[in-house]
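Participant: One structure is given below, represented as structure tokens, and several questions about it will come after.
The values are calculated or read from the model by the stated rules, or taken from the named source; none is laboratory data. Model, not experiment: these values are computed from the prediction. Cβ placement follows ideal geometry from the backbone for every residue including glycine, while neighbour counts extend to all protein chains displayed. SASA here: full protein model, heavy atoms, side chains in, ligands and nucleic acids out. Shrake-Rupley method; radii C 1.70, N 1.55, O 1.52, S 1.80 Å.
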Amino acid sequence: FPFLPLHSQILCLVIMLFSTNIVAQSQQDNRTNFSCPSDSPPSCETYVTYIAQSPNFLSLTNISNIFDTSPLSIARASNLEPMDDKLVKDQVLLVPVTCGCTGNRSFADISYEINQGDSFYFVATTSYENLTNWRAVMDLNPVLSPNKLPIGIQVVFPLFCKCPSKNQLDKEIKYLITYVWKPGDNVSLVSDKFGASPEDIMSENNYGQNFTAANNLPVLIPVTRLPVLARSPSDGRKGGIRLPVIIGISLGCTLLVLVLAVLLVYVYCLKMKTLNRSASSAETADKLLSGVSGYVSKPTMYETDAIMEATMNLSEQCKIGESVYKA
């Protein structure tokens with residue numbers, strides 16, 4: 001505010017800081033309460049959501065490694081085939097965790113091995129996708145520097161979670177699933193995705209109907225049973241790619257069968273034509289032999305007088321060989 005006097009500039013700055021502090025405090029008050037309920041069990045088995053992402057987390061094996069669990073347990077919870085290790089980008093998974101109280105907060109403590117370039121903030125926001133935050137990690141690991149971590153050491157990352165209270169258990173709410181709210185989400189969309197009551201979601205998280213302040217923050221989704229996650233849109237694309245391939249293969253096989261059928265008919269007709277020609281030739285030969293046999297196989301018998309007359313009494317003039325005469 002260069003056009004204002006100095007004292008006015010200072011006053012405006014104070015007002016802005018005060019307003020910012022009020023907004024921040026308001027947002028902090030509205031955030032989901034992950035404290036330990038007095039009437040909840042000391043620990044429970046629950047689930048956190050995870051979004052498959054490239055390049056390192058598009059397989060169940062890699063994801064299970066950072067959660068210190070088995071790929072099979074994630075596959076069972078996420079409605080996947082046990083042997084289907086490959087995932088598609090943005091596929092939603094349910095990861096089973098054990099939730100318990102650390103101090104007065106509910107966490108699932110996960111051991112993570114530090115790699116080159118890791119920091120509390122980087123791992124919390126990328127590998128664990130804001131299921132925790134660097135402040136909670138620093139509180140649990142006070143002797144470590146958040147940005148200068150020795151490679152290869154095991155660090156405990158507390159993931160936000162919560163066990164149902166007795167009142168919720170009485171209402172048959174079995175799980176409070178931790179879900180990181182996305183900018184495009186709304187209560188109706190999320191309730192449909194998890195099969196949860198919109199009223200229960202709003203009551204548990206204290207954001208009212210507008211969850212804009214919850215963007216990229218963990219919230220709790222109360223459910224009466226484990227949801228059957230719908231397939232990712234990318235899965236639909238995979239199916240769309242697979243369908244033309246199946247149709248193409250089917251058409252190709254049909255065409256191949258038709259070609260083979262035509263070829264077989266052609267070969268059959270050619271063979272029959274050859275057989276007919278052979279039969280015709282044999283018939284002609286039979287007729288020819290039959291005609292010739294009339295002359296060579298059935299000798300005509302003549303009387304002696306006729307023979308003597310025709311050969312001029314076996315004259316030497318008619319003799320051809322020793323006993324052959326022409327007549």
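Participant: Since SER35 meets every condition but one in (1) open to solvent by 40 Å² or more (accessible area, probe 1.4 Å); (2) over 26 Å from GLY152 (Cα atoms); (3) polar (S, T, N, Q), which condition does it not meet?
Facilitator: (1)
Participant: As an exercise: evaluate SER111 against (1) within 25 Å of ASN33 (Cβ to Cβ); (2) of a type in the set (Gly, Ala, Ser); (3) in contact with a strand residue (DSSP E or B) (Cβ under 6 Å, 6 or more places away or on another chain) and give the number of the one condition it does not meet.
Facilitator: (1)
Participant: Right, another one. Under 9 Å by Cβ, and 6 or more places apart or on different chains, what pairs join a residue from the range 183-200 that is in contact (Cβ under 8 Å) with a residue 40 or more places away in the chain with one that is open to solvent by less than 60 Å² (accessible area, probe 1.4 Å)?
Facilitator: So the pair list comes out as LYS193/VAL92; LYS193/TYR179; LYS193/ASP185; LYS193/ILE221; LYS193/PRO227; LYS193/LEU229.
Participant: Testing LEU229 on (1) farther than 30 Å from ALA77 by Cβ; (2) at pLDDT 65 or above, one condition comes back false. Which one is that?
Facilitator: Among (1) farther than 30 Å from ALA77 by Cβ; (2) at pLDDT 65 or above, LEU229 violates only (1).
Participant: Scan VAL219, VAL259 and give me the residue that is hydrophobic (A, V, I, L, M, F, W, C), outside any helix (DSSP H, G or I), modelled with pLDDT of 75 or more and surrounded by 10 or more Cβ atoms within 10 Å (Cβ to Cβ).
Facilitator: VAL219
Each row is one residue, and each column tells you yes or no for (1) within 29 Å of the chain's Cα centre (by Cα); (2) under 19 Å from CYS44 (Cβ atoms); (3) assigned by the TED database to the domain that holds LEU93.
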position	(1), (2), (3)
ALA124	yes, no, yes
TYR128	yes, no, yes
LEU131	yes, yes, yes
ASP139	no, no, yes
PRO142	no, no, yes
ASN147	no, no, yes
VAL155	no, no, yes
SER165	no, yes, yes
TYR175	yes, yes, yes
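Participant: Has the range 63-77 got at least one residue that is in the same structural domain as THR178 (by the TED database), under 19 Å from TYR179 (Cα atoms), in a helix (DSSP H, G or I) and touching an Asp or Glu at 6+ places or on another chain (Cβ under 6 Å)?
Facilitator: Within the range 63-77 (the criterion being in the same structural domain as THR178 (by the TED database), under 19 Å from TYR179 (Cα atoms), in a helix (DSSP H, G or I) and touching an Asp or Glu at 6+ places or on another chain (Cβ under 6 Å)), the answer is no, since none of the residues qualifies.
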